[in-house]
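What follows draws every value from the coordinates through simple rules; no lab data is involved. These numbers come from a predicted model, not from an experiment. Methodologically, a virtual Cβ is constructed for each residue, glycine included, from the backbone with ideal geometry; neighbour enumeration extends over all protein chains shown.
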Amino acid sequence: MVTSSAPGKVYLFGEHAVVYGEPAVPCAIERRARITAERRGDDRLRVNATDLTLDGFTVEYDGDATGTPDVDVAEPLLEEGMGYVNEAIEQARDAADAPDAGFDVTIESSIPLGAGLGSSAAVVTAAIDAATRELGVELDAAEIADRAYHVEYEVQDGQASRADTFCSAMGGAVRVESDDCRRIDDVPNLPFVIGYDGGSGDTGALVAGVRDLREEYDFAADTVGAIGDIVRQGEQALEAGDLEELGELMDFNHGLLSALGVSSRTLDAMVWAAREGDALGAKLTGAGGGGCIVALDPDDGTETALRYTQGCESVFRAELDTEGVRVES
Ligand code: PMV
């Protein structure tokens, strides 16, 4: 039996635009998914989950989605969740050359599901690590990142960048531009505050919406390009440790994401509350549509403002997590 964990992330800059080859800077946060993989006597996969949103469920899985479990979660979200675990186990079987290996998999996660904090990437990354180790094979973080990306690509019908999975596997702040992925060294302390509206967005539909807009209007394509400019400017601010400028650029990035139609009333309300609470800057994180915002604030103002914001279900601080995927026991 092996337990591995991997962190979730926030996007400091660049979600959506990264899908079209612009750079993005996701940052790992100290909220982890922990996956335990234990070999079974047969070739089946049995998954057990306790999660903020999946309130505890067990499901046996043998490739098709029969035997629907009795859980209080939307069916598509559950099927998608199972798809991620199933494909991660397939990658582990492939890496260890053990096509018939069956597993009992337990998921414990403190990352809200589908809320822009990279829950699926963290689950997939940790699952590949735990299951390969259980089969006696140790992969390095770069190979886990690559295999995890292929899982996301498969499950999300080709609409995935390497950003989430690379960040979860490596930890810290990273820069991703198409296939070019690397860690950013010497990052200043980033005082992240996260507001969560309790909801989630449909990543596939949101990505498709931006794609359509971009094809229809040149100015939408320019907007995507302008997000890339913000990221490049943001990298310099990050290097210089200039939190004021980082905040300003986050505000700008949110405005452009909003123009591309991926914000929502509650995400906007939380962003505005953070700004009124004297955040250095605030933006949605991830695909949008619902879920989380991330603000930069070394003081208490943003947390207090978000606590009193209608539609904000929870507020928490999250430190940058410099460690990526790791074995726990
Ligand atoms: O909401 P998340 O954490 O799945 O992030 C999606 C980020 C996108 O840029 C919209 C898509 C991607 O795969 O990069």
For region 191-201, take each phi angle, set θ = phi - 60°, evaluate the Karplus expression 6.51 cos²θ - 1.76 cosθ + 1.60, and give the result in whole Hz per residue in order, putting x for glycine and proline. x, 6, 10, 10, x, 10, 8, x, x, 8, x
Over region 254-329, what is the relative contact order in whole percent, taking alpha-carbon pairs under 8 Å and six or more residues apart? 28 percent
Based on DSSP H assignment, which helices of the chain show an axial Cα extent of at least 27 Å together with a mean Kyte-Doolittle hydropathy greater than or equal to -0.5? 218-240
At 222 nm, what helix-only mean residue ellipticity would the chain give, in deg cm²/dmol to the nearest 500, using -39500 (n - 2.57) for each DSSP H run of four or more? -13000 deg cm²/dmol
Be a star and scan region 294-329 for residues whose amide nitrogen sits under 17 Å from the point 7 Å along the Cα-to-Cβ vector of D278. 295-308
In whole angstrom, how far apart do the alpha carbon centroids of region 1-54 and region 288-327 sit? 18 Å
Taking r as the C-beta separation of A240 and D140 and R0 as 30 Å, the FRET efficiency to the nearest 0.05 is 0.40
D299-A205 pseudo-label distance in nm [points 7 Å out on the Cα-to-Cβ vector]: 4.0 nm
List the residues, sorted by chain then number, that are 5 or more residues from G289 or on another chain and whose placed amide H is less than 5 Å from its amide H. S263, S264
Amide H neighbours of I29 under 5 Å, at least 5 residues apart or on other chains, H built in the peptide plane: list them. G8, K9, V10, D321
Efficiency of FRET from Cβ geometry, D222 and R326, R₀ 45 Å, rounded to 0.05: 0.65
For all pairs of alpha-carbon atoms in region 192-318, what percent lies in each bin of width 5 Å, listed from the first bin to the last filled one? 2, 12, 21, 21, 19, 14, 8, 2, 0
Mind jotting down the three principal axis lengths of the chain based on Cα atoms? Whole angstrom, largest first. 57, 42, 38
Using θ = phi - 60° and the Karplus form 6.51 cos²θ - 1.76 cosθ + 1.60, what ³J(HN,Hα) does each residue of region 15-22 get, whole Hz, x for Gly and Pro? 4, 6, 4, 4, 5, 9, x, 7
How far apart, in nanometres, would the label points at R40 and Q310 be if each is projected 7 angstrom from Cα along the Cα-to-Cβ direction? 4.8 nm
Just to confirm my numbers, what's the Cα centroid distance between region 150-180 and region 204-222 in Å? 20 Å
Relative packing of 10-23, 121-134, 177-190, 97-110, which averages over residues the other C-beta atoms within 10 Å, highest first: 121-134, 10-23, 97-110, 177-190
For D186 and E319, compute 0.36 nm times the residue count separating them, minus their Cα-Cα distance, and round to one decimal in nm. 46.4 nm
